[in-house]
Structure formats: structure tokens, C-alpha cells
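The block underneath contains the structure these notes are about, expressed in C-alpha cells.
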């Protein structure tokens with residue numbers, strides 16, 4: 001029975017599923033703050049991943065998650081409530097756009 005190619009294929013698939021499941025990590029809290037929404041994700045030229053969340057913008061460098069900006073009502077004009085797009089350009093700038101027509105240019109090379 002163990003010589004059947006279907007048994008070996010089944011065991012290979014099971015092993016693959018088990019090992020792949022261990023590569024994922026749920027990040028639902030950053031610095032004690034619950035993350036309930038991620039509205040934008042982008043990768044810059046250096047391979048850092050940028051996230052816009054309900055608690056601000058963060059940069060992940062494959063080891064650390066660093067807060068970049070806590071865009072709250074105290075730090076930006078009142079009509080701006082959400083950063084919902086992040087794009088990078090060839091000069092290393094991160095462009096962030098949000099509700100209320102906000103546009104933020106952030107030089108990621110200075111970090």
C-alpha cells in the first residue's frame with residue numbers, strides 16, 4: 001500500500017501544507033494598539049514594506065515594525081481621517097494619499 005504513488009503524493013501535500021502554515025504571522029497589534037484596518041501596503045526600493053493602518057503608517061524592514069507617522073486629528077488638518085494609498089518613486093520617496101485630498105511626501109532614505 002505504501003508503494004502507491006497516490007499515498008506518497010498525499011503525504012507530500014500534507015507535509016507541504018504543514019510547513020507552509022508555519023511561515024505566516026498574524027500582526028493585529030502594534031505597540032499595544034489594536035490594528036483593525038490596513039488600507040494600503042507598498043514596498044520601497046530597499047525592500048521595506050509600508051503599511052497604512054487605522055493607527056498610522058508603519059515600515060517593516062523584515063525584522064522591526066517602525067511607526068512612521070501617527071496621523072491623528074492633532075497632527076493633520078481636521079478633514080483628513082485616513083491614509084488610503086502609498087506609492088514609492090525612483091528617488092526613494094514614499095507618496096501617501098488620504099481622505100480630504102491630503103498628499104504627503106516622505107523621504108524614506110532619511111530613516
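General observations
- Within segment 60-92, the set of residues being surrounded by 16 or more Cβ atoms within 10 Å (Cβ to Cβ), more than 13 Å from residue 48 (Cβ to Cβ) and at pLDDT 70 or above comprises 82, 83.
- Yes/no for residue 45 being exposed (fewer than 15 other Cβ atoms within 10 Å of the Cβ), at pLDDT below 80 and under 24 Å from residue 97 (Cα atoms): no
- Subset of segment 1-30 that is surrounded by 10 or more Cβ atoms within 10 Å (Cβ to Cβ) and within 30 Å of residue 107 (Cβ to Cβ) - its residue that is modelled with the lowest pLDDT: 30
- Selection count, segment 31-42, where residues are crowded, with 18+ Cβ neighbours inside 10 Å and in a loop (DSSP other than H, G, I, E, B): 0
- Selected residue (criterion: farthest from residue 84 (Cα to Cα)) from residues of segment 46-63 that are assigned to a loop (DSSP other than H, G, I, E, B) and touching a strand residue (DSSP E or B) at 6+ places or on another chain (Cβ under 7 Å): 48
The values are calculated or read from the model by the stated rules, or taken from the named source; none is laboratory data. Since the structure is predicted, the reported quantities are computational estimates derived from the model, not experimental observations. Counting neighbours? That spans all protein chains shown, and the Cβs are built from the backbone with ideal geometry, glycine included.
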